[in-house]
1. Being buried (at least 19 other Cβ atoms within 10 Å of the Cβ) and within 14 Å of chain A (Cβ to nearest Cβ) is the filter here; which residues of region B:102-122 pass it?
2. What number of residues within region B:8-34 are in contact with an Asp or Glu (Cβ under 8 Å, 6 or more places away or on another chain), touching a residue at least 40 places away in the same chain (Cβ under 8 Å) and assigned to a strand (DSSP E or B)?
3. Would it be correct to say that A:Ser258 is at pLDDT below 90, in the same structural domain as A:Ala400 (by TED's automatic domain parsing), of a type in the set (Ser, Thr, Tyr) and within 28 Å of A:Ile171 (Cα to Cα)?
4. Pick from region B:306-335 the residues that are among the polar types (S, T, N, Q) and touching a residue at least 24 places away in the same chain (Cβ under 8 Å): which of them is surrounded by the fewest Cβ atoms within 10 Å (Cβ to Cβ)?
5. Specify which of the listed residues (A:Leu285, A:Leu276) is in a helix (DSSP H, G or I) and either on the phi > 0 side of the Ramachandran plot or under 22 Å from the mean Cα position of the chain (by Cα) (or both).
6. Output the number of residues of region B:236-254 satisfying the condition of being over 15 Å from B:Arg155 (Cβ atoms) and either among the acidic types (Asp, Glu) or surrounded by 15 or more Cβ atoms within 10 Å (Cβ to Cβ) (or both).
7. Does A:Gly74 satisfy the criteria of being outside any helix (DSSP H, G or I) and without any contact (Cβ under 8 Å) to a residue 12 or more places away in the chain?
8. What single numbered condition from (1) free of Cβ contacts under 8 Å to residues at least 24 places away in the same chain; (2) within 14 Å of chain A (Cβ to nearest Cβ); (3) over 26 Å from B:Ala37 (Cβ atoms) fails to hold for B:Asp347?
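The values are calculated or read from the model by the stated rules, or taken from the named source; none is laboratory data. In this text the structure is predicted, and so the values were computed from the model without any measurement. Backbone-built Cβ (ideal geometry, glycine too); neighbour counts: all protein chains shown.
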Amino acid sequence: MSNSFHREQLCDGVHFSSVTDPKFKHNRITANLVVPLSRETVTDNAVVPFLLRKGCRSCPDFTRLNQKLYELYGASLACDVTKYGGYQSLDLSIYGIDDRFTLGGEEMVRPCAQLLTDILLDPAFVDGVFPEKDVELERQQIIDVLESQINDKRFYAMSRCQSIMCEGEKIAIEKYGYIEDANKITPASAAEAYRRILRSAQIELIFVGCGNPDTAKEIFRQAFSSAERAPVPMEPVQTRTKAEKVNEVTEQLDVAQSKLVMGFRTGEIGSDLKKLAAMRVMVALYGGTPNSRLFVYVREKQSLCYYCSARLNRLTGLMFVDSGVEKANKQKAYDEIMNQFRVMQRGEFTDDEIIATKLLLQTSLNAVGDSLGAIDDWYMTQIMTGKVCSPEEESAMIEAVTREEIIAAANQITLDTVYFLTGKEAE
Amino acid sequence: MEKTTIHSERLGIEVFRIKHDSGLTMLLCPMKGFSTAYAAFTTKLGSVDTRFKTQDDADFVDVPEGVAHFLEHKMFENEEGDAFARYAKTGASANAFTSFDRTSYLFACTDRFSESLEILLDFVRRPYFTKESVQKEQGIIGQEIRMYDDSGDWRVMFNLLGALYHNHPVRIDIAGTVESIAQIDHELLYRCHRTFYNLNNMVLCVAGNFTVEQVLEVAGRVLKPDAKPVEIERGKVSEPDSICQPLVEQKLSVATPLFHFGFKGVSTGEAGNLKNQILDEMLCDLIAGEASPLYRRLYDAGIINATFGTEVMTGRDYMCAIFSGESREPEKVAEQIKEEVAALKRDGIDRERFELIRRATYGRYIGLYSRTEPVAGLMCAAHFAGIDDIFSLLDVIANATLEQMEERLRIAFDPEKSALSIVRPQDGETGGTEG
């Protein structure tokens with residue numbers, strides 16, 4: 001029998017959630033430290049999880065820490081930065097096999113939770129700051145990440161479009177920060193960021209797996225009992241819900257295949273889960289599945305793009321259409337993408353398309369429960385939207401969406417920005 | 001119909017192996033508690049199959065590079081429309097891929113499993129190609145090839161394979177080239193389909209939320225036995241033991257130089273390669289894994305970053321070990337890996353480190369047996385390699401010895417047979433932090 005989502009407060013601004021199911025063979029414990037995005041602190045914050053991942057007082061050295069993980073049957077300790085609307089989340093997670101599958105019957109949940117706690121709360125500081133060598137390296141790593149984002153042209157074009165569209169807003173801030181600020185990271189500035197985060201962040205601890213979450217919970221409860229906390233309350237994301245005029249931007253880079261990205265605003269949804277379900281069906285039918293309008297008409301029937309799809313960010317209410325096109329086909333691709341958008345607004349799609357879209361969305365919702373990472377992501381996103389519903393509940397809401405609601409959703413969407421990334425010389 | 005059961009006490013899972021009357025082999029692993037079912041219908045036709053003959057052919061036929069991938073794309077379409085449109089009615093999420101040595105059609109679903117399986121077993125068996133549809137696909141795949149030409153990650157790997165292998169088709173892009181796919185026509189596609197998509201040459205692997213009865217019911221209804229088995233003889237490639245060139249470089253739009261450094265191994269047949277792959281993975285981990293002294297030195301010197309990783313690539317008659325990542329000084333990384341290999345050969349492998357790695361590898365493989373997609377993938381890989389018991393791969397880890405590792409180190413990590421591939425930023429595109 002699986003145990004559904006359960007969340008409780010351990011202390012001020014620290015919550016522990018769990019979902020368990022005996023079908024798994026692993027446990028995954030994640031600590032998400034959530035702070036508002038700000039241009040001033042984002043880069044110093046971004047380096048913190050990577051510095052923490054280098055060691056803690058009980059394992060003060062990167063190699064020894066990794067050897068400890070090998071002892072724990074190759075448990076993995078991962079860290080990253082995630083963006084939820086106007087918030088930056090610094091994530092540290094440990095993933096390992098459950099006690100039941102060790103060769104010698106060793107405990108796993110306890111040492112894994114303990115190690116994660118040590119990493120989070122007991123860093124290997126030297127004179128009150130992160131070790132200089134670590135900071136030097138991790139500063140360079142952040143710079144590398146920022147520079148290599150240019151490698152992934154599809155990602156790069158998407159990110160540029162969003163930055164142009166939301167200039168000056170929190171949601172335009174890049175989650176890893178900025179190169180010019182990364183150059184200024186020092187052991188002291190990183191340590192200051194760490195202390196500020198630990199004091200002010202909303203902390204979400206999530207346990208997913210087949211083991212006993214109480215073992216982990218008690219370790220966290222005890223560890224946080226002595227932490228000094230002054231958490232900043234969370235507020236909903238603010239961004240315009242309607243575009244005033246269409247902004248067109250073209251940039252050049254050395255690419256063989258051009259990228260066309262279009263940013264839309266999807267109107268007032270707020271925390272209305274019913275409206276959100278209708279918008280999800282609309283976006284999926286328009287460009288979110290292999291049977292969608294964009295895939296079938298723009299990519300397959302007219303061969304205008306190698307890829308062409310639409311995605312909705314449920315936290316910001318922004319929808320992006322992104323495509324890879326030949327330079328010469330840009331206008332044709334643009335026209336057909338907009339043509340299909342108007343098809344959606346006029347409701348000129350079939351009932352079969354609605355059924356197919358709902359089925360695919362429901363399949364992916366039903367599949368969430370089969371993956372520890374997906375369960376973790378799902379509930380973290382739910383917590384960030386402020387209303388927690390299970391994948392099954394959302395599946396039921398998707399089922400109830402009507403044709404009229406899809407058309408209404410399409411008609412509250414407005415095109416804001418058209419971004420075109422193209423080659424330097426003629427192709 | 002023959003049915004055998006393979007059981008793992010340790011993992012609490014069972015795999016049923018069925019030789020169906022239609023000629024098709026099925027490997028079925030129902031997994032309790034899961035919502036998803038994952039099914040893959042696979043043939044042993046990949047990009048390396050550029051030369052083959054059947055029992056009825058007098059001579060070998062040479063086919064253009066990229067034909068397996070092209071065929072995969074074309075299978076989704078027939079007189080009645082495309083297969084995605086049919087899956088749309090069941091909610092399954094469907095896809096296909098072509099690798100070096102196989103073509104796989106797959107779907108994942110949470111409901112209406114039987115209906116989706118029926119679509120899968122039907123469309124893959126019903127080719128429909130016309131002159132026009134082949135021409136149109138040449139345009140689509142041409143675009144795909146161009147996209148990969150831009151990708152630093154993709155180029156750096158194929159450049160390495162090109163440096164390690166003189167003649168073996170593993171050195172060629174899976175999708176072929178714009179020129180090679182221009183030579184493909186519908187008759188060739190039919191010929192490849194008749195040969196490789198004969199049920200006796202295919203395998204159906206299913207894992208997750210389904211029952212064996214469901215599969216048998218659908219298979220009994222949909223699969224029409226082929227008139228006779230097609231026996232395939234694959235053209236042998238004469239590939240020297242030596243590498244082709246020790247260094248290959250290309251300039252592309254990347255921020256930091258990318259590198260792939262590889263050792264060309266010795267193939268000992270499919271089953272041997274699959275088992276040796278695990279041992280060689282353990283060796284890669286020993287040489288440069290995150291808990292190794294070398295990793296630490298490279299990381300501290302700032303010449304590798306978190307993108308650094310290792311992999312062992314094996315197939316039916318090739319295998320190589322690859323160390324890859326981003327680096328400002330790739331030559332230095334390659335040099336230090338070679339030095340570490342030499343030191344391990346000279347001083348022997350530390351028993352304690354070996355035990356740690358064995359434990360970590362065991363944990364990692366437990367992970368593969370816990371999710372539907374890797375279970376289906378393992379069943380398919382084991383089947384094509386001629387290994388009946390998929391759980392025996394765990395035994396390879398449990399029974400690995402230090403002596404075995406030292407032997408593999410000598411055979412599979414020969415610095416004379418190593419090559420380095422680098423993709424560098426184009427002039428004027430490097431970041432300001434170079435140095």
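1. Across region B:102-122, the qualifying residues are B:Tyr105, B:Leu106, B:Phe107, B:Ala108, B:Cys109, B:Thr110, B:Phe113, B:Ser116, B:Ile119.
2. 5
3. When the stated conditions are applied, A:Ser258 does not pass them.
4. If we take residues in region B:306-335 being among the polar types (S, T, N, Q) and touching a residue at least 24 places away in the same chain (Cβ under 8 Å), then B:Thr310 is surrounded by the fewest Cβ atoms within 10 Å (Cβ to Cβ).
5. Only one candidate qualifies: A:Leu276.
6. 5
7. The answer is no for A:Gly74.
8. The failed condition is (2).
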